[in-house]
Amino acid sequence: AATIYYDNDADLSHLKGKTVAIIGYGSQGHAQAQNLRDSGCEVIIGQRPGGPNYDLAKSHGFEPMSADEATAKADVVNLLLPDEVQGDVYKAQIRDNLKPGNVLMCSHGFNIHFGQIEPPTGVDTLLVAPKGPGHLVRSEYEKGGGVPSLIALGEGASEETKQIGLAYAKGIGGTRGGVIETTFQEETETDLFGEQVVLCGGLSELIKAGFETLVEAGYQPEMAYFECMHEVKLIVDLFYQGGLSYMRYSISNTAEYGDYVTGPRIITPETKAEMKRVLTEIQNGTFARNWILENRGGAAMFKTTRRLEQGHPIETVGKRLRSLMSWIDDKQV
Ligand code: NDP
Ligand code: MG
Ligand code: MG
């Protein structure tokens, strides 16, 4: 079983007298920075000017500065930029401002695990990753709780760095929810696998294929939307509360029987064999290389696919139906 740390296993004094630089005031940055400050830590912000996140940091009472300056002033530097820009910003603004004894942190191991960020000697790497989006990290902390988090030490990191990591996790509220010990490799590979195979890739394609099958058979898109997209949330909420068993307890016996006989016809041994190939490509760096090269090429395929996907009929009908459901906090992209 995994080792899990709670509040009593962590001591904030390991951050006492240290300055933490949060680089990037986005989803994770704004939450982790404010939680740490409310926990009594010394926090500074590295955030480029000109955008709403700069103004947000100011309105929260920080004095945002450049990433270079924040790094130079800090003992602990947490890179909370989008993964695909971290490598370039690191090389241009962070690397040469790190000093021996500093700790370089992240909330996802992609760049360090896949060798896009190679810290100088004397600088330990440390991962503290909340298992939830930034707004939840902030709102749970404000309620006195915390989002469960992960902790991992980079190669050769010291015991003191681990204590700093636990203190950091406590400062953002993570130890209130539990902090699971992992490695950079495990965090990076399972995170990529989960989002590609189940959460984002798998689920989106499942929903689209179901919707298209009904519409192509002549059913109304509104009906297909409700069955294949809208109701997903109702089912997932049941998983979230009580797993597969509670979902199956709550649905009709007819739905449960259909689950057992049809589910394995949709997700077949072939699907699982493909999942294994996806995992291999994550493990051997093929996926990381492709994503890095895609960004070097101006993200042409990424941007085009995003635009095409936004024009899918399920998006058009969905927009209209969601505007009719007043209780939904409807978001437009
Ligand atoms: P966001 O996309 O919210 O971060 C955006 C921040 O990065 C903003 O401050 C933005 O500034 C800045 N930024 C973007 N591009 C550049 C650039 N080219 N140069 C300088 N600054 C730039 O990131 P997240 O918070 O989502 O992710 C941060 C890290 O946390 C990632 O490693 C991610 O994997 C990890 N993580 C994220 C989770 C999540 O739910 N979001 C969950 C767990 C981990 P500006 O406003 O000026 O563009
Ligand atoms: Mg991820
Ligand atoms: Mg039904």
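Only the coordinates and a few stated rules stand behind these numbers; no lab work does. Predicted model only: the values in this text are computed from it and were never measured. Cβ placement follows ideal geometry from the backbone for every residue including glycine, while neighbour counts extend to all protein chains displayed.
Some observations on this one:
- Sole exception among (1) farther than 20 Å from E309 by Cα; (2) without any contact (Cβ under 8 Å) to a residue 40 or more places away in the chain for S204, by number: (1)
- Among the residues making up the stretch 269-288, those that are without any contact (Cβ under 8 Å) to a residue 12 or more places away in the chain and either part of a helix (DSSP H, G or I) or under 20 Å from the mean Cα position of the chain (by Cα) (or both) are P269, E270, T271, K272, A273, E274, K276, R277, T280, E281, T286.
- Looking across the stretch 15-36 at every residue that is farther than 19 Å from E69 by Cα and touching a residue at least 12 places away in the same chain (Cβ under 8 Å), the one that is farthest from the chain's Cα centre (by Cα) is identified as L15.
- Each residue in the stretch 73-113 was checked for being in contact (Cβ under 8 Å) with a residue 24 or more places away in the chain and touching a Gly at 6+ places or on another chain (Cβ under 6 Å), and 3 of them qualify.
- Among residues of the stretch 74-109 being surrounded by fewer than 15 Cβ atoms within 10 Å (Cβ to Cβ) and not aliphatic (A, V, I, L, M), the one that is nearest to R296 (Cα to Cα) is D88.
- Hits in the stretch 232-268 - residues which are away from ligand 3 (no atom under 13 Å from the Cβ), among the polar types (S, T, N, Q) and not in a helix (DSSP H, G or I): T268
- In the stretch 173-231, the residue that is nearest to ligand 1 (Cβ to nearest atom) out of those that are outside any helix (DSSP H, G or I) and surrounded by fewer than 16 Cβ atoms within 10 Å (Cβ to Cβ) is C200.
- Verdict on N295 being in contact (Cβ under 8 Å) with a residue 24 or more places away in the chain, in a helix (DSSP H, G or I), over 20 Å from I207 (Cα atoms) and not aliphatic (A, V, I, L, M): yes
- Residue check: H230 meets all listed conditions (1) free of Cβ contacts under 8 Å to residues at least 60 places away in the same chain; (2) away from ligand 2 (no atom under 16 Å from the Cβ) but one, namely (1).
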